[in-house]
Protein chains: 2
Amino acid sequence: MIQQTARHGRERVHRASSDPTRERIVAAAIDLFSERSFEGASTRELAARAGVAQPLLNYHFRSKDDLWRAAVDQLFAEMTQALDVRTAEVVADGDVAGAKAVIREFICFSARRPQLHRMITQESKADGPRMDYLVDRHVRPVYERTAQIMGTLVKAGAVPDIPVEHLYYIITGAGPTMFVHGPECRRLTSLDPTDDAVIQAHADAVCLLLFGPHVTTTTK
Amino acid sequence: MIQQTARHGRERVHRASSDPTRERIVAAAIDLFSERSFEGASTRELAARAGVAQPLLNYHFRSKDDLWRAAVDQLFAEMTQALDVRTAEVVADGDVAGAKAVIREFICFSARRPQLHRMITQESKADGPRMDYLVDRHVRPVYERTAQIMGTLVKAGAVPDIPVEHLYYIITGAGPTMFVHGPECRRLTSLDPTDDAVIQAHADAVCLLLFGPHVTTTTK
DNA sequence: AGATTGTTTTATCAATTGATCAGACTCTTG
DNA sequence: CAAGAGTCTGATCAATTGATAAAACAATCT
């Protein structure tokens with residue numbers, strides 16, 4: 001029984017990751033999985049959006065689930081990359097200004113890539129194998145680092161005294177929702193959630209609520 | 001050609017709405033549609049959860065879409081009923097305390113019925129016939145009333161000066177997200193998002209951020 | 001050139017999907 | 001009791017689903 005030459009899991013880690021076709025498929029998966037759900041995105045539509053034939057997905061990925069995981073991995077890699085630079089400075093603790101910057105960066109990232117929060121929201125509503133993967137592999141580390149940052153801010157008095165668990169869901173809710181609901185927002189309001197001015201205004205608004213008016217040189 | 005006796009749209013508005021079977025189907029639809037997506041919930045699983053045979057869904061509802069709309073209608077009816085009592089007093093405007101109470105009630109409702117926000121989030125991510133129905137029929141009126149209340153609060157100085165569009169997405173994000181992500185929250189934290197103490201604590205937290213520390217008898 | 005390995009497509013699979021139809025089961029009403 | 005309208009179920013439909021098989025295409029090396 002001759003095994004077909006399907007590499008399926010990147011057996012050959014060539015050099016770095018640069019397979020343009022595979023990347024186009026993952027990009028299409030990110031878009032489709034996030035706006036339809038996992039079940040709502042058919043492999044044929046996935047392939048059509050990537051501009052390839054449908055069976056090619058099963059050549060590059062073991063299964064539809066495998067492709068979904070690749071999409072999630074990609075999105076979290078992007079977020080980690082966007083935040084790690086900032087968080088590195090903060091981990092030590094005490095750096096309130098840095099912590100603020102991280103939160104602001106988080107909001108801006110969620111505006112640029114609402115797909116990540118769309119996929120998280122989809123799977124966080126009910127237990128299942130995909131939520132296992134999402135939480136165990138990706139969300140919990142993010143939660144723990146976020147909680148640590150929140151603790152720093154609360155301890156420093158930079159933020160109202162709210163348990164970090166609630167702060168986590170307040171920030172992950174108040175920040176990305178406008179962008180996750182982008183198409184709805186466009187219909188409901190006159191704002192364009194992809195407009196940078198709107199994004200900045202939203203970050204300002206969330207930070208104003210969290211940190212209060214930005215008085216830099218007022219002492220009592 | 002003899003038309004089958006399927007009433008499909010409640011031709012016979014008997015007295016009030018009290019069809020136990022139909023209600024059980026809608027209840028099952030609310031749960032399944034909200035935790036899986038529209039495509040992710042099969043009519044067979046829907047029927048199984050309602051304890052009926054699958055073709056019965058097409059007897060009581062014209063189509064799967066029709067059932068979905070009935071589920072959405074039901075959820076919005078519940079929210080309207082939960083909030084209307086409060087909002088009635090506020091509409092006049094100026095009633096800041098009343099407006100606060102409405103927001104608090106909104107958060108508590110989203111904790112009791114996270115299914116509503118789960119279904120909204122699912123359809124707000126991309127245009128389509130279901131988003132048309134949701135926005136045109138239900139969400140826009142809610143948005144407009146909410147924006148009005150926000151305007152009241154901002155004008156009264158009870159809330160930081162943030163454009164109402166942003167306030168809307170901050171509140172609809174910060175309030176329900178912990179409960180929409182209920183199962184995830186249970187894994188991530190040690191909190192039970194169905195526990196009333198947790199719900200109250202979350203409402204407290206959101207209100208603290210919005211309205212500041214609750215000083216009832218301090219005059220400058 | 002020919003051979004080999006890796007990539008992509010066309011054709012097809014069984015399984016599941018939403019929906020329909022005809023018939024069985026209730027009921028009430030005559 | 002018989003009639004008939006209203007409710008519900010089993011059998012089945014065409015269409016779509018994710019996945020596989022086999023063959024066509026492309027590229028590199030000898």
Just give me the residues in the range B:112-160 being among the β-branched types (V, I, T) and within 30 Å of B:S63 (Cβ to Cβ), in sequence order. B:I120, B:T121, B:V135, B:V139, B:V142
Looking at A:R112 and the list (1) in contact with a helix residue (DSSP H, G or I) (Cβ under 6 Å, 6 or more places away or on another chain); (2) within 30 Å of B:A147 (Cα to Cα), which single condition is not satisfied? (1)
Pick from A:R62, A:R69, A:R104: which is open to solvent by 50 Å² or more (accessible area, probe 1.4 Å), within 16 Å of DNA strand C (Cβ to nearest atom) and not aromatic (F, W, Y)? A:R62
Just checking, which of B:L46, B:L56, B:L32 is of a type in the set (A, V, I, L, M), within 12 Å of DNA strand C (Cβ to nearest atom), away from chain A (no Cβ under 13 Å) and crowded, with 18+ Cβ neighbours inside 10 Å? B:L46
Qualifying residue in the range B:150-173 (condition: in contact with a Cys (Cβ under 8 Å, 6 or more places away or on another chain) and surrounded by 23 or more Cβ atoms within 10 Å (Cβ to Cβ)): yes
Scanning the range B:72-91 residue by residue, those within 30 Å of B:A47 (Cβ to Cβ) and either in contact with a strand residue (DSSP E or B) (Cβ under 7 Å, 6 or more places away or on another chain) or open to solvent by less than 20 Å² (accessible area, probe 1.4 Å) (or both) turn out to be B:V72, B:L75, B:F76, B:M79
Would you please name the residue that is nearest to DNA strand D (Cβ to nearest atom), looking only at residues in the range A:40-93 that are charged (D, E, K, R) and under 18 Å from A:R130 (Cα atoms)? A:K64
If you go through B:K100, B:K125, B:K64, the only one that is more than 14 Å from every other protein chain (Cβ to nearest Cβ) and not hydroxyl-bearing (S, T, Y) is B:K100
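The values are calculated or read from the model by the stated rules, or taken from the named source; none is laboratory data. Here the structure is a predicted model, which is why all the values come from computation and not from measurement. Neighbour counts run over all protein chains shown; Cβ positions are idealised from the backbone, glycine included. Surface areas here come from the heavy atoms of the whole protein model, side chains and all, with no ligands, DNA or RNA. Shrake-Rupley method; radii C 1.70, N 1.55, O 1.52, S 1.80 Å.
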